[in-house]
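A short write-up of the structure that comes next.
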Amino acid sequence: MQQLNSLATSYQDLFSIGTCVNTQNLRTHRELIIKHFNSITAENEMKFESLHPEEGVYTFEAADQIIQFAEDNYKLVRGHTLVWHNQTPKWVFHQANGQYVTREQLLERMKDHITTVVKRYREHIFCWDVVNEAIEDKTDKLLRTSPWLEIIGPDFIEKAFIYAHEADPQALLFYNDYGESAPQKRDKIVQLVTDLIAKGIPVHGIGLQCHWNIYGPNISQIREAIEKYAALGLQIHITELDMSVYSHDDQRTDLTEPTTEMLDLLAERYESVFGLFREYADVITNVTFWGPADDQSWLQSFPVRSRKNWPLLFDYEQKPKKAFYKIIDFAK
Ligand code: 9MR
């Protein structure tokens with residue numbers, strides 16, 4: 001049988017290729033990850049609730065295991081994520097009597113968390129998603145409601161970047177969000193980052209999550225978004241790429257295998273988005289998939305329960321799909 005080329009090796013002159021990992025798939029998908037990816041992101045193990053479940057209690061075992069894997073196998077590590085409204089334990093925002101902490105107290109807790117985590121992995125993590133998903137996507141407001149915003153105010157974002165930069169001046173610091181190609185949200189992200197740059201805040205990149213599906217967003221919308229982000233003069237990372245085989249409002253749960261049409265469309269979409277990424281390889285410096293293979297995708301049974309999905313390049317058996325061949329063949 002013909003040997004499969006490595007995805008990461010094929011792209012080594014353009015950008016690094018990543019996958020999110022967890023302590024389970026580092027065992028079950030070990031060879032696949034080692035062969036095809038040269039960058040990894042912890043799927044959950046470096047989030048606030050994983051690292052810092054109680055005040056004064058840090059639990060680093062799982063994150064350390066991921067770092068060790070990266071060291072042993074020469075992988076880059078993207079840090080994910082320092083400040084987020086999700087997967088952050090309640091204690092962070094509350095006093096013993098249940099009331100919110102003060103602005104000063106929350107800033108102190110944020111600083112303690114960021115400093116401890118970023119310093120611990122200083123030698124190993126080349127970039128951090130410092131603030132994740134802070135933009136509001138339903139109304140006209142710029143920032144989504146969260147305890148971070150309510151207690152500290154909008155400058156919680158700049159403070160997070162400043163603390164992260166103090167803890168590791170070498171690390172590249174990213175603002176990371178989803179829905180990045182929709183014009184309204186895109187413009188809000190651009191506004192937020194433009195303001196940070198104008199204030200001299202140490203921000204070095206924009207993370208475009210790119211949780212897409214086989215029907216959209218369309219290529220011209222993605223191109224327009226990349227153009228606008230590139231104009232900010234920062235690096236772009238594609239941080240959580242996947243391509244659901246269902247449109248947004250499709251609720252069907254009957255499929256046990258993807259249809260041929262789905263796999264063809266998936267291949268076509270991956271082919272065209274990677275064509276675009278290659279065109280912008282001077283600003284796009286990392287492309288990370290949100291999972292090494294279909295069976296490890298967060299989209300299994302989410303957001304529709306008991307529904308299978310096939311959003312990645314490798315299938316349940318960890319075999320390459322048509323989409324894989326479409327993006328690895330560009331040199332020909
Ligand atoms: O893939 C992650 C899943 O295992 C978790 O249950 C979920 C909890 O919020 O987070 C998933 O990863 C998210 C990432 O950290 C931020 N962007 C959206 C991702 C998918 O929900």
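Using C-alpha pairs below 8 Å separated by at least 6 residues, the relative contact order for the stretch 14-74 is 35 percent.
For the chain, the solvent-accessible area works out to 44 Å² per residue, with a probe of 1.4 Å and every protein chain left in place. In the stretch 77-104, which residues have a backbone nitrogen under 11 Å from the label point lying 7 Å from Glu55's Cα in the Cα-to-Cβ direction? Answer for the stretch 77-104: 91-99, 101-102. Of interest is the spacing of the C-alpha centroids, which for the stretch 75-124 and the stretch 275-332 amounts to 31 Å. Using a probe radius of 1.4 angstrom, the carbon and sulfur fraction of the accessible surface of the stretch 208-332 is 49%. Around Pro183, what is the net charge, scoring Lys/Arg as +1 and Asp/Glu as -1 over all other residues with Cβ under 11 Å from its Cβ? Once positives and negatives cancel, what remains is +1.
Each residue of the stretch 216-226 was assigned a 3J(HN,Hα) from its phi angle through the Karplus expression (A = 6.51, B = -1.76, C = 1.60, θ = phi - 60°), giving x, x, 6, 4, 5, 5, 5, 4, 4, 5, 4 Hz with x at Gly and Pro.
Using the Cβ of Arg252 as centre and a radius below 14 Å, the other residues enclosed give a net charge of -2, where K and R count +1 and D and E count -1. With a/c under 1.5 counting as rounded, go ahead and sort the stretch 40-106 into rounded, prolate or oblate using the C-alpha gyration tensor (a ≥ b ≥ c being the square roots of the eigenvalues; past the cut-off, prolate if a/b is larger than b/c, else oblate). Prolate shape, in that a/c is at least 1.5 and a/b is the bigger ratio. Counting only protein heavy atoms and a probe of 1.4 Å, the accessible surface of the stretch 119-204 is 52% carbon and sulfur. Name all residues of the stretch 145-164 having a backbone nitrogen under 11 Å from the label point set 7 Å from the Cα of Thr194 along its Cα→Cβ direction, giving them as ranges. The answer is none. Of the residues Asp155, Asp129, ranked by 1.4 Å probe accessible area with the largest first, the sequence reads Asp155, Asp129.
Averaging over all projection directions, the Cα-based convex hull of the stretch 235-283 occupies 4.4 nm² in the image plane. Taking amide H atoms as placed 1.01 Å from N in the peptide plane, the amide H of Thr59 lies under 5 Å from those of His52, each 5 or more residues away in sequence or on another chain.
With contributions of -39500 (n - 2.57) from each DSSP H run of at least four residues, the per-residue ellipticity at 222 nm computed over the chain stands at -11000 deg cm²/dmol.
Averaging Cα coordinates gives a centre for the stretch 1-70 and one for the stretch 135-170; these two points are 26 Å apart. Per the Cα gyration tensor, the chain maps to an equivalent ellipsoid with semi-axes of 32, 22, 20 Å, ordered largest to smallest. Against the longest alpha carbon principal axis of the chain, how many degrees, from 0 to 90 and to the nearest 10, is the axis of helix 61-73 turned? Roughly 50 degrees between the two axes.
The values are calculated or read from the model by the stated rules, or taken from the named source; none is laboratory data. Please read these numbers as outputs of a predicted model, since none were measured by experiment. Positions of Cβ are backbone-derived with ideal geometry, glycine not excepted, and every protein chain shown enters the neighbour counts. These area figures cover heavy atoms from the full protein model, side chains too; ligands, DNA and RNA do not enter into them. Shrake-Rupley method; radii C 1.70, N 1.55, O 1.52, S 1.80 Å.
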